[in-house]
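Here the structure comes first, spelled out in structure tokens, and everything after it is commentary.
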Amino acid sequence: MTIKPPHLKKGDTLALVTLSNGALFDNDIALKIGQQRLADFGLSLKVMPHAADSPEYLWEHPEVRAADLKAAFMDDDVKGIVCTIGGCETYRLTPYLLDDPEFIQVVRHHPKVFMGFSDTTLNHLVFQKIGLNTFYGPSFLNDFADLGPEMLPFARDNFSHFFVPKAYQLVSSPV
């Protein structure tokens, strides 16, 4: 079974989840930059309850990271989910996801765009096991909240394809 999530549309809401590294902690500038760049695409951002918690708290509580992801899938207003960044030890979320029949059912019945990379690869494998097609990249901090004067053209151009309901070929960055 392969489940394709609906493409994004202007007016949609993305949920921001931190599934590994707590790099958003005390990073209000990046959060504002990323929110504005998503708003430029016509999207709003819902920061999940634990997305900006301290790295120490997130390390000690993988269950809250998994709960944020589950809540994002259960929220009918959320149409897509973007990971804060990669990091390490996302594998500790797996039992809270794959051993949760409610999570599996909500993913299958409420498919959403899911994007992220690096340590989030394990989450992509979890979703593949459930049957959901996902997107390897972008991540919030690297692609939307980069501290440069504007979003990098490669990231901007490739993200624009999330709004078009057809396949496209990802072309490597010229840089």
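The values are calculated or read from the model by the stated rules, or taken from the named source; none is laboratory data. Note that this is a predicted model, so its numbers are computed, not measured. Here Cβ is always computed from backbone atoms with ideal geometry, including for glycine, and neighbour counts include all displayed protein chains. Ligands, DNA and RNA are stripped out before the accessible areas are found, and what is left, the full protein with its side chains, is counted by its heavy atoms. Shrake-Rupley method; radii C 1.70, N 1.55, O 1.52, S 1.80 Å.
Please verify whether Pro101 is exposed (fewer than 13 other Cβ atoms within 10 Å of the Cβ), within 28 Å of Asn27 (Cβ to Cβ), without any contact (Cβ under 8 Å) to a residue 24 or more places away in the chain and not charged (D, E, K, R), treating the condition exactly as stated.
no
Kindly provide the set of residues from the range 4-17 that are in contact with a helix residue (DSSP H, G or I) (Cβ under 8 Å, 6 or more places away or on another chain) and either over 16 Å from Gly116 (Cβ atoms) or modelled with pLDDT under 95 (or both), ordered by number. If you could, list the steps in order and put the result at the bottom.
Restricting attention to the range 4-17, the residues satisfying the condition of being in contact with a helix residue (DSSP H, G or I) (Cβ under 8 Å, 6 or more places away or on another chain) are 7-10, 14-17.
Selection gives His7, Lys9, Lys10.
Test of understanding: among Leu43, Leu14, Leu58, which residue is of a type outside the set (Asp, Glu) and in contact (Cβ under 8 Å) with a residue 60 or more places away in the chain?
Unique residue meeting the criteria: Leu14.
Which pairs turn up if I take residues in the range 73-92 that are surrounded by fewer than 17 Cβ atoms within 10 Å (Cβ to Cβ) and look for partners that are among the acidic types (Asp, Glu) with beta carbon separation below 9 Å, at least 6 apart in sequence or on another chain?
Listed by first residue and then by second, the contacts come to Met74/Glu102; Asp77/Asp12; Cys88/Asp119; Glu89/Asp119; Tyr91/Asp119.
Please determine, by comparing only the residues of the range 22-45 that are buried (at least 17 other Cβ atoms within 10 Å of the Cβ) and not aliphatic (A, V, I, L, M), which one is nearest to Thr90 (Cα to Cα). Lay out the reasoning, then the answer.
In the first step, residues of the range 22-45 are kept if they are buried (at least 17 other Cβ atoms within 10 Å of the Cβ); the result is 22-24, 30-31, 33-35, 37-38, 41, 43, 45.
Right, trim to not aliphatic (A, V, I, L, M) and you get 22, 34-35, 37, 41.
On the way: Gly22: 11, Gly34: 23, Gln35: 24, Arg37: 27, Phe41: 29 Å.
Among those residues, the one meeting the criterion is Gly22.
Looking at (1) over 21 Å from Gly34 (Cβ atoms); (2) open to solvent by 20 Å² or more (accessible area, probe 1.4 Å); (3) charged (D, E, K, R), find the lone condition where Arg156 falls short.
Among (1) over 21 Å from Gly34 (Cβ atoms); (2) open to solvent by 20 Å² or more (accessible area, probe 1.4 Å); (3) charged (D, E, K, R), Arg156 violates only (1).
What number of residues within the range 20-57 are on the phi < 0 side of the Ramachandran plot and outside any helix (DSSP H, G or I)? I'd like the intermediate steps shown before the answer.
First, pick out the residues of the range 20-57 that are on the phi < 0 side of the Ramachandran plot: 20-25, 27-41, 43-57.
Among the residues that remain, those that are also outside any helix (DSSP H, G or I) are: 20-25, 27, 41, 43-54.
Counting residues in the range 20-57 that are on the phi < 0 side of the Ramachandran plot and outside any helix (DSSP H, G or I) gives 20.
Let me spell it out: the conditions are (1) over 19 Å from Ile130 (Cα atoms); (2) within 14 Å of the chain's Cα centre (by Cα); (3) open to solvent by less than 30 Å² (accessible area, probe 1.4 Å), and Arg65 meets all of them except one. Which number is the exception?
Only one criterion is unmet by Arg65, namely (1).
Residue by residue, here is whether (1) under 20 Å from Leu24 (Cα atoms); (2) open to solvent by less than 40 Å² (accessible area, probe 1.4 Å) holds:
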site	(1), (2)
Val126	no, yes
Phe140	yes, yes
Val164	no, no
Val175	no, no
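Consider Phe127 carefully, then state whether it is touching a residue at least 12 places away in the same chain (Cβ under 8 Å), under 18 Å from Pro5 (Cα atoms), in contact with a Ser or Thr (Cβ under 9 Å, 6 or more places away or on another chain) and among the hydrophobic types (A, V, I, L, M, F, W, C).
Values: touching a residue at least 12 places away in the same chain (Cβ under 8 Å): yes; under 18 Å from Pro5 (Cα atoms): yes; in contact with a Ser or Thr (Cβ under 9 Å, 6 or more places away or on another chain): yes; among the hydrophobic types (A, V, I, L, M, F, W, C): yes.
Here the answer is yes, as Phe127 does meet what is asked.
Quickly run through the range 142-153 and pick out the residues that are modelled with pLDDT of 90 or more and open to solvent by less than 40 Å² (accessible area, probe 1.4 Å).
Asp143, Phe144, Ala145, Met151
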